[in-house]
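Report on one structure; see the data block that follows.
Here, each number is a calculation from the coordinates, and none is a lab measurement. No experiment lies behind these values; they were computed from the predicted model shown. Quick reminder, even Gly has a Cβ in these numbers, built from the backbone with ideal geometry, and neighbours come from all protein chains shown.
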Ligand code: NDP
């Protein structure tokens, strides 16, 4: 495991002590702290001012009860969270996740990552994240609506266009954002478009927001390939997951001349050597909300595997786009054996530290999620811009802005990695570049 700089050891120890049992938060914090060694060595004011310790403590953490009534008339109780982590650069910004695995540690890791990701976009947004341990799987539309209404009945007092602007994440897509926005509008009696992003196109949403995270992760990989004089043309690609990020990553890979040969969900993965049929995938996942095995059932030549790892499928490029820690060292070694050259994280922290080390040792170019999947939040910020100016932009113009932002994040990561003596290290480049932007703003504000 890479070492922490002496000055940062007590910072990490304090994080572990004060956030007991929050393994994912410890993992995310450690990764950033490991990158900051050369920064504190060169610029001691970051240590003297204690800005790193302050940054690792959320500004505000909200935990609340979410009671709702299911279709059988029984009362259900879930737990809601919003961690408002850092507002040095703008209002808290980050998604809401509805998944049974959600707890305060998961939300805190996601909120922490979000601070640096949002800083990297160069846009005026702080970092936050929220969600609930509610499991939307198998729930009717009416149950989803009642849950969202109850969730917003508490959340509304903490959010606002200039305060905190949630969006979607796992289990929260356009349908849920609609129910959440409707309830916010009803409670506050305000049509405050800028309070949520990921809205429908007819009521304040932005074109490209749905596609943006997946497209962005592929644009980032394209920049890596370009820097090596290469392109997506003719490349085999594996994308894990089959939700919002995975579907649109697949679509963009195909537009750029590559072939996505495998996608997955929590029940297994499908292999389709002729290239995943994106329209069929959308029909199964976005319309029918069904399991990935139905893809193989509907498509000649495709097969479904429920007892293996998607990382065993040989590919030139991998885009993990499902969930945290889904790609471990074993999976990384399988990918390396299969000839992988570029890994671009569509999900948040999908790759374990052991897997990242294996990629580094094998010379695989590795783009961390806080850089590679920043296209989603960047386009959310473009949605906020359109809301603020009562304007709406074309698909082409918005996609061009997204691609420009991904290019500049890529270049910023590389330039920062070079500046600190770690050429080609996108992890260090992303962490240092995001950190310095946030820390410098915090220092300007004094100790607040
Ligand atoms: P969706 O809910 O649309 O899709 C999630 C996908 O991942 C599904 O295929 C799901 O399978 C799979 N998945 C989720 N949890 C697990 C698990 N524990 N084990 C195996 N598979 C799992 O979510 P998104 O596509 O929006 O998000 C995917 C990732 O991208 C997350 O890490 C998210 O934080 C990140 N992200 C999303 C952004 C966005 O704009 N949506 C922005 C930036 C990052 P199943 O249906 O079987 O559960």
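Taking Cα centroids, how far is the stretch 159-200 from the stretch 23-43 in Å?
33 Å
Report the equivalent ellipsoid semi-axes for the chain in whole Å, largest first, defined as the square roots of five times the eigenvalues of the gyration tensor built from alpha carbon atoms.
Ellipsoid semi-axes (Å, largest first): 30, 29, 21.
Considering every Cα-Cα pair within the stretch 124-172, what fraction, in whole percent, is farther apart than 12 Å?
Here the tail beyond 12 Å accounts for 69 percent of pairs.
With r as the distance between the Cβ atoms of residue 231 and residue 163 and R0 = 30 Å, compute the FRET efficiency 1/(1 + (r/R0)^6) and round to 0.05.
Working from the Cβ atoms, E equals 0.10.
Taking N as the number of residues in the stretch 280-335, what value does Rg over Cα atoms divided by 2.2 N^0.38 Å take?
In units of the globular-protein estimate, the stretch 280-335 measures up at 1.29.
For the stretch 60-174, list log₁₀ I(q)/I(0) at each q in 0.09, 0.14 Å⁻¹, using the Debye formula over Cα point scatterers of equal strength and ignoring solvent, two decimals each.
These q points yield log10 I(q)/I(0) values of -0.23, -0.54.
Which percent, nearest 5, of DSSP beta bridges in the stretch 174-319 are antiparallel?
55 percent
What is the spread of the Cα atoms of the stretch 195-315 along each of their three principal axes, largest first, in whole Å?
So the extents along the principal axes, rounded to whole Å, are 43, 41, 21.
Pull up the DSSP beta bridges for the stretch 63-209 and report the antiparallel fraction as a percent, rounded to 5.
In the stretch 63-209, approximately 70 percent of DSSP beta bridges are antiparallel ones.
Taking every alpha carbon pair in the stretch 1-90, what does the distance histogram look like in 10 angstrom bins from 0, in percent?
Going out from 0 Å in 10 Å bins, the stretch 1-90 shows 14, 37, 25, 12, 8, 4, 0 percent.
Per-residue ellipticity at 222 nm for the chain, helices alone: DSSP H runs ≥ 4 residues times -39500 (n - 2.57), over residue total, nearest 500 deg cm²/dmol?
It comes out at -14500 deg cm²/dmol, rounded to the nearest 500.
Step by step: find N for the stretch 190-261, compute 2.2 N^0.38 Å, then divide the Cα radius of gyration by it. What's the final number?
Here the Cα radius of gyration is 1.35 times the empirical estimate.
As a test, work out the antiparallel percent of DSSP beta bridges whose residues both lie in the chain, rounded to the nearest 5.
55 percent
Computed FRET efficiency, Cβ-Cβ of residue 61 and residue 13, R0 22 Å: what is it to the nearest 0.05?
It comes to 0.60.
Using a Gaussian network model of the chain whose springs link C-alpha atoms within less than 10 Å, name the residue from 343, 107, 305 with the highest mean-square fluctuation.
305
Which whole number in µm²/s is D for the stretch 263-401 by Stokes-Einstein, with the Kirkwood Rh taken over Cα pairs at 37 °C and 0.692 mPa s?
Calculated translational D: 195 µm²/s.
Using Stokes-Einstein with the Kirkwood hydrodynamic radius over Cα pairs, what translational diffusion coefficient do you get for the stretch 348-435 at 25 °C and a viscosity of 0.890 mPa s, in µm²/s rounded to a whole number?
170 µm²/s
Roughly how far apart, in whole Å, are the Cα centres of the stretch 380-448 and the stretch 75-116?
Taking the Cα centre of each part, the stretch 380-448 and the stretch 75-116 sit 20 Å apart.
Taking only Cα atoms and a 10 Å spring cutoff, compute GNM fluctuations for the chain and point out the largest among 283, 176, 161.
283
Would you mind telling me which residue in 166, 320, 423 has the biggest mean-square fluctuation in a Gaussian network model of the chain, where springs connect alpha carbons within a distance under 10 angstrom?
It is 423.
How do 92-101, 306-315 rank on mean C-beta neighbours within 10 Å, highest first?
92-101, 306-315
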